[in-house]
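Asks: Structure in structure tokens, see below.
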Amino acid sequence: MTSVTATARTGRRSGGRSGKPPDHGAWFLVLPALIPILVLSVGPLLYGIALAFTDSQAGRTAPTQWTGLLNFRDLLHDTLFWESFRIGLLWAVGVTVPQFLLALGLALLLDQNLRFRWLARALAIIPWAMPEVVVGIMWRLVYNPDAGILNETIGDLGLGDGRGWLTGLGTALPAVIVVGVWAGLPQTTVALLAGLQNTPHELHEAAAIDGAGAWRRFRTVTWPALRPVALAITALNFIWNFNSFALVYVLTNGGPGGKTRLPMLFAYEEAFRYGQFGYAAAMGCVMVAVISVFLAFHLVARLGGGEDT
């Protein structure tokens, strides 16, 4: 009798929980956080997507017309856009890969018990505190062909007379990539250093007692623990670098001859220099689609590798 009563009570309790009406009052608690997201993020995104299907132009007196996929069909045949897309991929990969390798080496060094480690950590994050515009102006002075410290150093070493690094067709993109690597190094280093400090030191001690060398300890202990952080920061860096605008705009404004014109710069020129809002919005949609595909592959790879990857 007692068990029957307990079962009945359990059934009533579980049934009562499952049949409980939804608490609509909870929506009022999340609205203060939800409204800014909808107004400032989702709203402009939907407006931009809708704009991509119109012939919206600056200074036009006639009403904006719905043109369907016309802007996207024009993009397929726009060789300048796909050239900027290729440059954007070169820039994103060229910045992300060296940035990660240098940040990994720097994080491993800063994780050691060295003297003045606090000072080295503080100096390493200085570029992070500088706005991109200031970084761009500073490096323009470094690359200055007449009075830049780079050309002066090359001249002092007897390696030549230097050159216009940001104005040469063959040197502009590598010079800009160097600045991108330098500017993004601190946040990657900090993320990897945080991952290293979460690695149990007991595992390193046990591997050392077993006779494992430095490379083997890194390969079997450090890297498996660091891999989730490394994958996450690499994916984020690729996205941030692909969408870069301010740094390259200040350094070269897309020149010379479009050699550093990233897709975001190209869309900016179409929208605010030539007034082709609908066409620029279509470019933005294509870039969002590419980034979404990249993120989908990244998430599938992580889910396929389990929780630890």
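Asks: I'd like to know which of 248, 224, 211 lies farthest towards the positive end of the charge dipole of the range 199-309, counting +1 on Cβ of Lys and Arg and -1 on Cβ of Asp and Glu.
Replies: 248
Asks: Let me ask something else. Taking all protein chains as present, what is the carbon and sulfur share of the accessible area of the chain, in % to the nearest whole number, probe 1.4 Å?
Replies: Carbon and sulfur atoms account for 67 percent of the accessible area of the chain.
Asks: Rounded to the nearest whole Å², what accessible area per residue is found for the chain with the 1.4 Å probe?
Replies: Dividing the accessible area of the chain by its residue count gives 61 Å².
Asks: Where the only charges are on Cβ atoms (+1 Lys, Arg; -1 Asp, Glu), what is the dipole of the range 115-238 about its Cα centre, to the nearest 20 debye?
Replies: On the way: 9 positive and 8 negative charges, 82 e Å.
Charge dipole, the range 115-238, about its Cα centre: 400 debye, nearest 20.
Asks: How much accessible surface area, in Å² rounded to 10, belongs to the heavy atoms of residue 125 with a 1.4 Å probe?
Replies: About 70 Å², ignoring ligands and nucleic acids.
Asks: Still on this model: Is the shape of the chain best called rounded, prolate or oblate, per the rule: a/c under 1.5 gives rounded, else a/b larger than b/c gives prolate, else oblate, with a ≥ b ≥ c the square roots of the Cα gyration tensor eigenvalues?
Replies: oblate
Asks: Report the charge-dipole magnitude of the range 197-309 in Debye, nearest 20, computed about the Cα centre from +1 at each Lys and Arg Cβ and -1 at each Asp and Glu Cβ. Could the numbers behind the result be given before it?
Replies: Details: 8 positive and 7 negative charges, 73 e Å.
Computed about the Cα centre, the dipole is about 360 debye.
Asks: At a 10 angstrom cut-off on C-beta neighbours, averaged per residue, how do the peptides 290-299, 276-285, 217-226, 28-37 rank from highest to lowest?
Replies: Ranking, from highest mean packing down: 276-285, 217-226, 290-299, 28-37.
Asks: Let me know the charge dipole size of the chain about its Cα centre in debye, to the nearest 20, where only the beta-carbon of Lys, Arg (+1) and Asp, Glu (-1) is charged.
Replies: The calculated dipole for the chain is roughly 1120 debye.
Asks: Using protein chains only and a probe of 1.4 angstrom, how many square angstrom of residue 264 are accessible, to the nearest 10?
Replies: 60 Å²
The values are calculated or read from the model by the stated rules, or taken from the named source; none is laboratory data. In this text, all values refer to a predicted model and were calculated from it rather than measured experimentally. Glycine gets a Cβ as well: all are built from the backbone with ideal geometry, and neighbour counts include every protein chain shown. Accessible surface areas use protein heavy atoms only, side chains included; no ligands, DNA or RNA. Shrake-Rupley method; radii C 1.70, N 1.55, O 1.52, S 1.80 Å.
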